[in-house]
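*Asks:* Just passing along the structure, written as structure tokens.
The values are calculated or read from the model by the stated rules, or taken from the named source; none is laboratory data. Nothing here was measured: the structure is a model prediction, and the numbers come from that model. A quick note on method: Cβ atoms are made from the backbone with ideal geometry, for glycine too, and the neighbour counts reach across all protein chains shown. Note: accessible area is taken over every heavy atom of the protein model, side chains too, but ligands, DNA and RNA are not part of it. Shrake-Rupley method; radii C 1.70, N 1.55, O 1.52, S 1.80 Å.
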Amino acid sequence: MDKELEKIFDYYAEDYKIQFFNYKMMGKLLETENVKKRIEIYNIRDLYVYGGGYLGVQLYNAVKDFVSVKAIVDKSGGLSVDVQGIKSISFDGLKENYIDEKIIITPVKYYKEIKKDLEQFIDKRNILFLGEFLEGIV
């Protein structure tokens with residue numbers, strides 16, 4: 001197989017996996033009792049959501065009645081979804097305001113890079129990936 005064609009198939013397969021995961025997590029976020037149970041398991045009272053896209057906003061909406069969501073954090077400082085009434089801050093804003101809250105990372109594709117950046121000033125026990133939060137074993 002041509003190397004260029006192989007790259008295209010690899011890219012398609014990776015993109016498909018990410019889209020499947022996003023779809024699955026969006027469904028899990030609709031399960032209110034599971035979300036409440038996961039909040040209790042992880043003992044979350046105060047939270048930052050990392051990622052201003054669809055999953056970040058959906059996570060915010062799923063947990064806002066059960067915990068204090070400080071803000072949605074995004075490198076750009078804003079949301080990529082047109083939603084009113086949700087506080088969003090930049091990565092630098094998080095650095096300035098972070099005390100000892102949990103943070104849940106929603107972007108699948110850049111999770112490792114984001115986690116590495118956050119670990120510079122946040123205890124790794126306070127950093128969760130969305131899949132870990134919704135499905136992981138504590």
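*Asks:* Test V108 against the criterion of being open to solvent by less than 60 Å² (accessible area, probe 1.4 Å), over 20 Å from K64 (Cβ atoms) and part of a loop (DSSP other than H, G, I, E, B), and give yes or no.
*Replies:* In short, yes.
*Asks:* I've got another one for you. Considering the stretch 35-54 alone, what residues qualify as being surrounded by fewer than 13 Cβ atoms within 10 Å (Cβ to Cβ) and assigned to a loop (DSSP other than H, G, I, E, B)?
*Replies:* N43, R45 - these are the residues of the stretch 35-54 that are surrounded by fewer than 13 Cβ atoms within 10 Å (Cβ to Cβ) and assigned to a loop (DSSP other than H, G, I, E, B).
*Asks:* Scan the stretch 53-98 for residues that are under 22 Å from I122 (Cα atoms) and polar (S, T, N, Q) and report the count.
*Replies:* Adding up the residues that qualify gives 5.
*Asks:* Of all residues in the stretch 55-102 being touching a residue at least 24 places away in the same chain (Cβ under 8 Å), part of a loop (DSSP other than H, G, I, E, B) and open to solvent by less than 40 Å² (accessible area, probe 1.4 Å), which is nearest to K37 (Cα to Cα)?
*Replies:* Applying the filter and picking the extreme gives V67.
*Asks:* Would a scan of the stretch 119-135 turn up a residue that is aromatic (F, W, Y), within 10 Å of the chain's Cα centre (by Cα) and assigned to a strand (DSSP E or B)?
*Replies:* yes
*Asks:* What number goes with the only condition from (1) in contact with a helix residue (DSSP H, G or I) (Cβ under 8 Å, 6 or more places away or on another chain); (2) modelled with pLDDT of 95 or more that I122 does not pass?
*Replies:* Unmet for I122, out of (1) in contact with a helix residue (DSSP H, G or I) (Cβ under 8 Å, 6 or more places away or on another chain); (2) modelled with pLDDT of 95 or more: (1).
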